[in-house]
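J.: This structure is in C-alpha cells; I'll ask about it shortly.
The values are calculated or read from the model by the stated rules, or taken from the named source; none is laboratory data. Keep in mind it's a predicted model, so treat the numbers as computed, not measured. Positions of Cβ are generated from backbone atoms using ideal geometry, with glycine treated the same way; all protein chains shown enter the neighbour counts.
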Amino acid sequence: MAHLFDLKGRVVVITGASSGLGADAALAYAEYGADVALLARRVDKLGETAQKVEALGRRAVPVACDVTDEQSVAAAIETVIEAFGKIDILLNNAGIAVGGGVDSLALEDWDRIVATNLTGVFLVSKYVIPHMRAQHYGKVVNVASINAVIADKVPTLWRHAYNATKAGVRGLTIGMAASYGVDNITVNSVGPGLFESEMTENTLFKHEPFMEMYNSLNPAGRPAARGELNGTLIYLSSEASSYVSGQHIIIDGGISII
C-alpha cells in the first residue's frame, strides 16, 4: 500500500506557499518525494520553506505570483514549466479572510476576497490544466473551508464574503472534476476547520469567546494542530485516490456535524 502514496518524480505547484498551511504542505509533499514550486506574492518569504524542502533532498523553486493578476499567473506557470518541464499536482491554497456581513462589508473588500479566493483558483487552474491535459495526468486540490458549508455564528466574526467564495471554490471543483476526468485529472476540495495560520493566529485564536465556543462544540475539543491537513492532501494528490474526484473532504475534528 505504501507505494500508492509515493510522489517521487512528481512536481507540485502550491499557491499561498509563503506561510501557514501552504508552507506546511510543501514540506509534506517533499517528504513523500515530490519537487515543489512555491508560489506567493511575497517571494522573499519563500526562502526558508525552500531551504527546508531542499534539506529533504527535493528541488524547490520560489516563484513570485499574484493569483489575482492573470499576467502574473501566466508568467509564474511558465517559470514552473521552464524549471521542471511539467506540473503533476496543483494545490490551490492562496486565500484571505475579510470580516463583515452583507450589511457592513465594503464593496472593495468583497471584490478583494473574491479576486483572491475564487478568481485566483480559476486563474491558476486556467494555466495549469492545459499542461495536465497534454500529459493526460493531473491532481488538483482546491483549499476551500469548513465555511463553505457552515457559517460563523458570532456576530463579530461574520465573514459573508469568505463563506461565498469558499462555497464558490466547491462549485468550481465539481465543475472541473466533471469536465477533466476524461483527461485522467482528478479535482477535489478540502474544507479545513480551525487551523493555526497567519490568517487565524491574530484573529480567531485571540478571540476568547469564539475559542471557548469552538472547543466546547467540537467533538475533538480543540482546534487542529499544525500538519493535520497534510495526510488528506497527500491522499488526494497521490495514486491512493486514483478513483476519487469531485469530492469535498472536511477536516474539522467533527464540529460541522454538530
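J.: With respect to the numbered conditions (1) in contact with a strand residue (DSSP E or B) (Cβ under 6 Å, 6 or more places away or on another chain); (2) within 29 Å of residue 75 (Cα to Cα), which one is the sole condition not fulfilled by residue 174?
T.: (1)
J.: Name every residue in the stretch 140-173 that is among the hydroxyl-bearing types (Ser, Thr, Tyr) and out of contact with any Asp or Glu (no Cβ under 9 Å at 6 or more places or on another chain), in order of residue number.
T.: Residues satisfying the conditions are 145, 156, 165, 173.
J.: Among the residues in the stretch 174-187, are any crowded, with 21+ Cβ neighbours inside 10 Å, outside any helix (DSSP H, G or I), out of contact with any Asp or Glu (no Cβ under 9 Å at 6 or more places or on another chain) and not hydroxyl-bearing (Ser, Thr, Tyr)?
T.: Yes, the stretch 174-187 has at least one match.
J.: Another one. Give the number of residues within the stretch 214-249 that are part of a helix (DSSP H, G or I) and either in contact with a helix residue (DSSP H, G or I) (Cβ under 9 Å, 6 or more places away or on another chain) or surrounded by fewer than 16 Cβ atoms within 10 Å (Cβ to Cβ) (or both).
T.: Selection size over the stretch 214-249: 13.
J.: Go over the candidates 239, 212 one by one and state the one that is modelled with pLDDT of 95 or more and of a type in the set (Asp, Glu).
T.: Selected residue: 239, the only one of 239, 212 that is modelled with pLDDT of 95 or more and of a type in the set (Asp, Glu).
J.: Counting just the residues of the stretch 8-49 that are touching a Pro at 6+ places or on another chain (Cβ under 6 Å) and buried (at least 20 other Cβ atoms within 10 Å of the Cβ), which one comes out modelled with the lowest pLDDT?
T.: Applying the filter and picking the extreme gives 46.
J.: Picking from 67, 80, which residue would you name as being over 18 Å from residue 143 (Cβ atoms), of a type in the set (Val, Ile, Thr) and in contact with a strand residue (DSSP E or B) (Cβ under 6 Å, 6 or more places away or on another chain)?
T.: Result of the check over 67, 80: 80.
J.: Still on this structure: Which pairs do you get when a residue that is farther than 20 Å from residue 26 by Cβ and touching a residue at least 12 places away in the same chain (Cβ under 8 Å), found in the stretch 62-79, comes within reach of a residue that is among the aliphatic types (A, V, I, L, M) and surrounded by 15 or more Cβ atoms within 10 Å (Cβ to Cβ), reach meaning Cβ atoms under 6 angstrom, with the pair 6+ apart or on two chains?
T.: 68/115; 70/123
J.: Continuing with this model, one more query. Testing residue 111 on (1) in contact (Cβ under 8 Å) with a residue 40 or more places away in the chain; (2) more than 30 Å from residue 3 (Cβ to Cβ), one condition comes back false. Which one is that?
T.: Against the list (1) in contact (Cβ under 8 Å) with a residue 40 or more places away in the chain; (2) more than 30 Å from residue 3 (Cβ to Cβ), residue 111 comes up short only on (1).
J.: Given the structure, is residue 124 within 23 Å of residue 189 (Cα to Cα) and either assigned to a loop (DSSP other than H, G, I, E, B) or at pLDDT 95 or above (or both)?
T.: Here the answer is yes, as residue 124 does meet what is asked.
J.: Report, ordered by the first and then the second residue, all pairs with beta carbons closer than 8 Å, sequence separation of six or more or different chains, a first member in the stretch 173-200 that is over 14 Å from residue 244 (Cβ atoms) and modelled with pLDDT under 95, and a second member that is buried (at least 22 other Cβ atoms within 10 Å of the Cβ) and of a type in the set (D, E, K, R).
T.: Once the first residue is over 14 Å from residue 244 (Cβ atoms) and modelled with pLDDT under 95 and sits in the stretch 173-200, its partners that are buried (at least 22 other Cβ atoms within 10 Å of the Cβ) and of a type in the set (D, E, K, R) give 193/252; 194/252.
J.: Still on this structure, please answer the following. Among the residues of the stretch 77-84, is any in contact with a Cys (Cβ under 6 Å, 6 or more places away or on another chain), buried (at least 22 other Cβ atoms within 10 Å of the Cβ) and at pLDDT 95 or above?
T.: Looking for residues that are in contact with a Cys (Cβ under 6 Å, 6 or more places away or on another chain), buried (at least 22 other Cβ atoms within 10 Å of the Cβ) and at pLDDT 95 or above, one finds none in the stretch 77-84, hence no.
J.: Taking the condition of being basic (Lys, Arg) and within 17 Å of the chain's Cα centre (by Cα), how many residues in the stretch 154-177 meet it?
T.: Qualifying residue count for the region: 2.
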